[in-house]
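Undergrad: Next up is a structure, given as structure tokens.
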């Protein structure tokens with residue numbers, strides 16, 4: 001497959017990258033790992049005149065954990081380094097699980113979490129986990145830095161809340177308390193190299209009596225972007241988590257999604273799998289206590 | 001057409017080469033460097049036949065630009081044997097009959113070598129995960145997994 005012609009630029013700093021983004025505007029595309037972008041270019045979906053390759057920017061591939069501030073993952077941190085990180089596995093297991101499900105070892109050695117988020121696929125595994133952990137994105141542009149909660153980042157199908165010249169520089173997950181546990185499950189045909197038919201992340205908070213005081217459930221691959229399901233969440237709050245309650249939450253989650261039919265599954269099947277995987281994800285999170 | 005000269009380390013040797021910006025790393029390796037051990041399969045990052053190591057990490061060379069390797073270390077299947085001696089992984093693939101048509105083999109060996117460099121004692125599950133992005137259409141996975149496990153064992157015994 002022949003790649004369209006383009007100019008490859010490799011800035012040495014975020015500031016320089018933003019300068020290039022301002023200079024070239026719509027003609028340019030940012031590239032971290034490129035494992036989505038290069039396919040779009042080969043398929044003729046995108047033909048940027050300029051590619052701003054970010055990988056030579058130093059210091060943006062860190063994973064930093066602080067008990068008060070939480071977890072900060074740089075925009076160039078590779079997916080494989082996230083799933084292998086002890087602080088991630090210990091404190092944010094649903095993120096480690098979601099990242100591990102992405103594509104293959106080779107892709108995760110090149111692709112980044114920020115790239116997965118900015119590619120904005122409705123089935124992106126990592127995004128559901130970021131939703132329930134209440135992640136936020138730090139973005140930098142010509143006018144400085146600002147923080148965007150992940151829930152506000154998607155404004156439509158593949159439409160990001162980034163202004164011209166802005167780029168994501170890191171993703172932050174707030175600290176997880178002792179009484180909060182989360183899990184991510186995806187329904188796939190293969191264990192690798194497969195997109196989720198349905199992906200569900202659930203985080204539940206229990207008080208000392210085992211009663212749920214807060215719940216966050218995010219659904220992937222069943223709407224134009226990842227969505228929370230307030231109806232299912234409200235079922236859990238004020239109750240003990242049992243298989244019966246989890247099933248009721250699953251039935252409510254079905255009302256909060258609008259899946260499509262495609263090559264992987266019909267809309268009807270996805271609807272039903274939202275019920276099943278919401279139930280399983282809630283119970284998997286509860287099992288972690 | 002945007003052409004440039006890049007400097008990188010190829011299988012341990014400092015190398016300069018002329019590239020075009022819109023050249024995939026895979027086409028650069030096969031057509032410019034003439035190293036055809038790296039195979040071209042799906043060109044979409046699905047099959048793993050084009051797996052190489054960049055700074056020791058296994059990646060799909062079809063999912064990278066040649067321009068990205070400027071200043072980095074590239075290892076291809078041709079860099080695995082040292083001084084005319086096959087590596088332990090290569091020897092075990094032969095001993096265990098872990099290949100039939102052989103098209104996936106260079107990619108499998110790159111993935112296996114990368115795994116053993118970071119994890120000298122992998123479980124069977126870890127071996128399977130390491131080659132999850134490598135398709136073998138002869139479906140000889142059992143022998144491949146066995147060969148990688150045997151190679152790990154042999155390397156540990158030597159050390």
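The values are calculated or read from the model by the stated rules, or taken from the named source; none is laboratory data. Bear in mind the structure is a predicted one, so any value in this text is a computation, not a measurement. All Cβ positions, glycine included, derive from the backbone under ideal geometry; neighbour counts span all protein chains shown.
Undergrad: Among the residues that make up region A:117-132, is at least one of them closer than 23 Å to residue A:54 by Cα and within 14 Å of chain B (Cβ to nearest Cβ)?
TA: Yes; the residues of region A:117-132 include at least one that is closer than 23 Å to residue A:54 by Cα and within 14 Å of chain B (Cβ to nearest Cβ).
Undergrad: For residues that are within 11 Å of chain B (Cβ to nearest Cβ) and either at pLDDT 95 or above or in contact with a strand residue (DSSP E or B) (Cβ under 9 Å, 6 or more places away or on another chain) (or both), tally how many sit in region A:3-21.
TA: So the answer is 7.
Undergrad: If residue A:101 passes every condition in (1) in contact (Cβ under 8 Å) with a residue 12 or more places away in the chain; (2) within 27 Å of residue A:166 (Cα to Cα); (3) touching a strand residue (DSSP E or B) at 6+ places or on another chain (Cβ under 8 Å) but one, which one does it miss?
TA: It fails just one condition, (2).
Undergrad: Residues that are within 13 Å of another protein chain (Cβ to nearest Cβ) and touching a helix residue (DSSP H, G or I) at 6+ places or on another chain (Cβ under 8 Å), at least 3 per element: which strands (runs of 3 or more DSSP E) completely within region B:18-137 meet that?
TA: Those strands (runs of 3 or more DSSP E) span B:51-54, B:57-60.
Undergrad: Ok, one more. Just one of (1) crowded, with 21+ Cβ neighbours inside 10 Å; (2) assigned to a loop (DSSP other than H, G, I, E, B) trips up residue A:199, so point out which.
TA: All conditions are met except number (2).
Undergrad: Please verify whether region A:136-147 includes one or more residues that are within 14 Å of another protein chain (Cβ to nearest Cβ), in contact with a strand residue (DSSP E or B) (Cβ under 9 Å, 6 or more places away or on another chain) and buried (at least 22 other Cβ atoms within 10 Å of the Cβ).
TA: no
Undergrad: Have a look at A:172, A:205 and point out the one that is away from chain B (no Cβ under 14 Å), under 13 Å from the mean Cα position of the chain (by Cα) and surrounded by fewer than 23 Cβ atoms within 10 Å (Cβ to Cβ).
TA: When all the criteria are applied, what remains is A:172.
Undergrad: Scan region A:22-69 for residues that are over 18 Å from the mean Cα position of the chain (by Cα), in a strand (DSSP E or B) and within 11 Å of chain B (Cβ to nearest Cβ) and report the count.
TA: Qualifying residue count for the region: 3.
Undergrad: Let me ask another. So for region B:98-109 (the condition being over 22 Å from residue B:35 (Cβ atoms) and more than 16 Å from the chain's Cα centre (by Cα)), does at least one residue qualify?
TA: yes
Residue by residue, here is whether (1) under 29 Å from residue A:157 (Cα atoms); (2) outside the structural domain of residue A:117 (by TED's automatic domain parsing); (3) touching a helix residue (DSSP H, G or I) at 6+ places or on another chain (Cβ under 8 Å); (4) surrounded by 24 or more Cβ atoms within 10 Å (Cβ to Cβ) holds:
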{"site": "A:209", "(1), (2), (3), (4)": "no, yes, no, no"}
{"site": "A:213", "(1), (2), (3), (4)": "no, yes, no, no"}
{"site": "A:217", "(1), (2), (3), (4)": "yes, yes, yes, yes"}
{"site": "A:220", "(1), (2), (3), (4)": "yes, yes, yes, yes"}
{"site": "A:229", "(1), (2), (3), (4)": "yes, yes, yes, yes"}
{"site": "A:232", "(1), (2), (3), (4)": "yes, yes, yes, yes"}
{"site": "A:238", "(1), (2), (3), (4)": "no, yes, no, no"}
{"site": "A:242", "(1), (2), (3), (4)": "no, yes, no, no"}
{"site": "A:247", "(1), (2), (3), (4)": "no, yes, yes, no"}
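Undergrad: Residue A:92 - would you say it is touching a residue at least 24 places away in the same chain (Cβ under 8 Å), away from chain B (no Cβ under 13 Å), surrounded by fewer than 20 Cβ atoms within 10 Å (Cβ to Cβ) and in contact with a strand residue (DSSP E or B) (Cβ under 9 Å, 6 or more places away or on another chain)?
TA: No.
Undergrad: Follow-up. Free of Cβ contacts under 8 Å to residues at least 12 places away in the same chain and in a helix (DSSP H, G or I): is that true of residue A:247 in this structure?
TA: In short, no.
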